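Participant: What follows is a single structure, and I will ask about it in a moment.
The values are calculated or read from the model by the stated rules, or taken from the named source; none is laboratory data. None of the values given here were measured: they were computed from a predicted structure. Here the Cβ positions follow ideal geometry from the backbone for every residue, glycine too, while neighbour counts run over all protein chains shown. Each accessible area value is taken on the protein alone, full model and side chains, heavy atoms only, with ligands, DNA and RNA left out. Shrake-Rupley method; radii C 1.70, N 1.55, O 1.52, S 1.80 Å.
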Amino acid sequence: MASVHESLYFNPMLTNGVVHANVFGVRDWVTPHKMALLVLLSELGRAGSQLSLLERRRLNRLLLPLLQGPDMALSRLRKAIEECCPHLAGSVHIRLKLMAEGELKDMEQFFDDLSDSFSGTEPEVHKTSVVGLFLRHMILAYNKLSFSQVYKLYTALQQYFQKDEKKDGADENEMELTNPEELDVKMEKEELDGPLREEEIACSGPLSQKQAEYFLSQQASLLKNDETKALAPASLQKELNNLLKFNPDFAEAHYLSYLNSLRVQDVFSSTHSLLHYFDRLILTGAESKSNGDEGYGRSLRYAALNLAALHCRFGHYQQAELALQEAIRIAQESNDHVCLQHCLSWLYILEQKIFDSCVLLEHSVNKSLHFGLPYLASLGIQSLVQQRAFAGKAANKLMDALKDSDLLHWKHSLSELIDISIAQKTAIWRLYGRSTMALQQAQTLLSMNSLEAVNVGVQQNNTESFAVVLCHLAELHAEQGYFAAASEILKHLKERFPPNSQHAQLWMLFDQKIQFERAMNDGRYHVADSLVAGITALNSIEGVYRKAIVLKAQNQMSEAHKLLQKLLIHCQKIKNTEMVIRVLLSIAELYWRSSCHTIALPVLLQALALAREYSLQYLASETVLNLAFSQLILGIPEQALNILHMAIEPILAHGAVLDKGCAMFLVAKCQVASAASYTPQKKIEALESAILNLNEAKTYFAKVDCKEQLRDVLYFQARLFHTLGRTQERNKCAMLFRQLHQELPAHGVPLINAFK
């Protein structure tokens, strides 16, 4: 029995079999790696004043992650020490060699000498310091070992050192067989690796309680703030499985496994891990110890609440509602107002999927403020602002509400919610068509938090707020024709949020949309059509809308009309007003192309009424431009010019480059059509003004490489120059038109029947 007891009590890393025991019953144990750290601390004390201030500072910074982190290979430890102090690394290696190649009594003597560090009036190490606590834990753990365990430890130390020696020998042979250039590349790659990589953790065996807690807290923090720096999902799950193999009741490991499963959208594994977390929390009695008799019930109600949130995240709204009802029932029985407020917030989210209601949300905000829950109150205010933005409330009232929310953030130092608030403002200004204000808000957030690599917890630069803002920034640059800058932003997004990360779908959608717009501008409709499938997978409504645009561009009018009608009914049902207006504008364009100009007018008036009702200023201006075009087609260009002056200002101030070009092109068309009734002198002035507007439109179209529109502008300019008798300019425009006309296919649509 004694041998069995000893094998369970000693570090399971030194045994090959699976130990079915709670290894965290022993808070810490001695391992060869920790003995190497003890030798490092001993040599550091001996060196004393021989070390320079810079070397001592580097070593002090190195010690904390070494003491807290998992065990690592001796070669990697030596390399880390060499980077800080080369001669100290040599001393550590020699001391370990003497101990490993010596006798057992050398190791005994080493531990006896460690106690001297605390002796004297001015000891080398204070007992309560980080290093002092580590030394005391190691001495205590070593003193508790039986003789057989001490012998196992000594054998493990020899194997630890011999493995390093064999690796050094293999490296030397490899250096002889490898040319210098390949060796330099390999060394550079190794230097780029961090101090605690996946392969090092994997070979280190089971962790002690402190190491496990440090590992879990570090990975959880990285998953929240900077997912790219956390272990890959498969590697992290492997390490968690190793932890749970030695301690199945480790509740925190189950919760991290739940977070890891959410990264890859694994419904089954995430549900399984979440339930196991709360089961273990109840079984271990952790909640009861901290919360008295209420601990058991508290775990149950928060388990139900978390399960409801999980189902809601994956779109299982019926299951989420059942779990939420259970959480509310238990919370009411326990009179837990905090849990009830969380339930109320989730109840609003579930009800929002069925119908729009501000009552629950307003009640939630008031109650959260009453019970001193600023985080919930702020989220409620921002949800309320978002809902009212879609309902068409004035922007100034929404910004006042967000200002009140910001006061809560600064008062309670809720830095994460500050980022969310700024991202919300960026999205609202984009919704209202104020691109300049949206750009200002985006730059505010980017300047608040540097995008350089920082320590976890100092700044949050890989959160959803940053992804949203950077996506808007990329789209704003693309709209203004700065495609190279937009590509750089998207490249940065891909580095910050890899495809397997939870926020990657944001930049994937924007990337597809930008590529689609470029393909449409360039007349490559087959390329645009191939991108529709990717957009549909990320956003079905956007995908159907883009498919209709491609069909319209390919002159498949009946198919495009059927698709747009189905989309219109769906968007009206889900109250997506912005898309409803865009669909109505596309339907009006189909009527123009089919020479049904009078039918297009009621559709445009309906779109204009919706845009003004919901305060969508930019869409309202775009609708007015379409109405002006309809008036031009119906033969009243003077009236078209009058209403153009109402709409063109917001377009030029906040619009995309393509929209600016189309607006100026339309102005020129109206000027030419109106000039027919002018006197000869006034007609020449009107045509000269139209040519200037066409030059401006041509500049805009060239910026976004819109060849079809350029061709139309050149044709129009050539006709005007011919009318004015300016042969040289006419011939130049005609030559450029011919080049583009040969490059692009003609669609057989009269020039006057195309606004965009």
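Participant: Output yes when any residue across the range 367-389 is modelled with pLDDT under 85, of a type in the set (Val, Ile, Thr) and part of a helix (DSSP H, G or I), and no when none is.
Facilitator: No, every residue in the range 367-389 fails to be modelled with pLDDT under 85, of a type in the set (Val, Ile, Thr) and part of a helix (DSSP H, G or I).
Participant: If the Cβ limit is 8 Å and pairs must be 6+ apart or interchain, which residue in the range 555-568 that is of a type in the set (D, E, K, R) pairs with which residue that is open to solvent by less than 60 Å² (accessible area, probe 1.4 Å) and part of a helix (DSSP H, G or I)?
Facilitator: GLU559/LEU551; LYS566/VAL544
Participant: Let me ask another. Can you name every residue in the range 619-639 that is within 20 Å of PRO650 (Cα to Cα) and charged (D, E, K, R)?
Facilitator: Answer for the range 619-639, where residues must be within 20 Å of PRO650 (Cα to Cα) and charged (D, E, K, R): just GLU622.
Participant: All but one of (1) surrounded by fewer than 17 Cβ atoms within 10 Å (Cβ to Cβ); (2) under 21 Å from ASN576 (Cβ atoms) hold for ALA656; state the number of the condition that does not hold.
Facilitator: (1)
Participant: Can you spot a residue in the range 706-724 that is open to solvent by 60 Å² or more (accessible area, probe 1.4 Å) and closer than 30 Å to GLU517 by Cα?
Facilitator: yes
Participant: Read through the list (1) farther than 30 Å from LEU216 by Cα; (2) of a type in the set (D, E, K, R); (3) not in a helix (DSSP H, G or I), then give the number of the only condition that ARG95 fails.
Facilitator: (3)
Participant: Have a look at ILE574, ILE599 and point out the one that is of a type outside the set (D, E, K, R), at pLDDT below 90, under 22 Å from GLN352 (Cβ atoms) and out of contact with any strand residue (DSSP E or B) (no Cβ under 7 Å at 6 or more places or on another chain).
Facilitator: Exactly one residue qualifies, and that residue is ILE574.
Participant: Taking HIS409, is it open to solvent by less than 60 Å² (accessible area, probe 1.4 Å) and modelled with pLDDT under 90?
Facilitator: For HIS409, the condition - open to solvent by less than 60 Å² (accessible area, probe 1.4 Å) and modelled with pLDDT under 90 - is met.
Participant: Of these, VAL39, VAL92, VAL23, VAL18, which one is buried (at least 16 other Cβ atoms within 10 Å of the Cβ) and modelled with pLDDT under 75?
Facilitator: Going through VAL39, VAL92, VAL23, VAL18 in turn, just one is buried (at least 16 other Cβ atoms within 10 Å of the Cβ) and modelled with pLDDT under 75: VAL23.
Participant: (1) farther than 19 Å from TYR482 by Cβ; (2) of a type in the set (Asp, Glu); (3) touching an Asp or Glu at 6+ places or on another chain (Cβ under 9 Å): which one isn't true of ASP712, the others all being true?
Facilitator: The single condition ASP712 does not satisfy is (3).
Participant: What pairs come up if the first residue lies in the range 590-617 and is closer than 20 Å to TYR545 by Cα, the second is open to solvent by 70 Å² or more (accessible area, probe 1.4 Å), and their beta carbons are under 7 Å apart, counting only those six or more places apart or on different chains?
Facilitator: TYR591/ILE599
Participant: Open to solvent by 50 Å² or more (accessible area, probe 1.4 Å) and either free of Cβ contacts under 8 Å to residues at least 60 places away in the same chain or farther than 22 Å from GLN554 by Cα (or both): is that true of GLN631 in this structure?
Facilitator: Spelling it out, it is not the case that GLN631 is open to solvent by 50 Å² or more (accessible area, probe 1.4 Å) and either free of Cβ contacts under 8 Å to residues at least 60 places away in the same chain or farther than 22 Å from GLN554 by Cα (or both).
Participant: Considering only the range 243-266, I want to know if a residue exists there that is over 28 Å from GLY69 (Cα atoms) and either at pLDDT 80 or above or in a loop (DSSP other than H, G, I, E, B) (or both).
Facilitator: yes
Participant: Determine which member of the set MET520, MET579, MET557, MET508 is closer than 21 Å to LEU470 by Cβ and not acidic (Asp, Glu).
Facilitator: Testing whether each residue is closer than 21 Å to LEU470 by Cβ and not acidic (Asp, Glu) leaves just MET508.
Participant: Sticking with this structure for a sec: I need every pair where a residue in the range 519-542 that is of a type in the set (D, E, K, R) has its Cβ under 6 Å from the Cβ of a residue that is open to solvent by less than 30 Å² (accessible area, probe 1.4 Å), sequence separation at least 6 or different chains.
Facilitator: ASP529/VAL550; GLU542/ILE535
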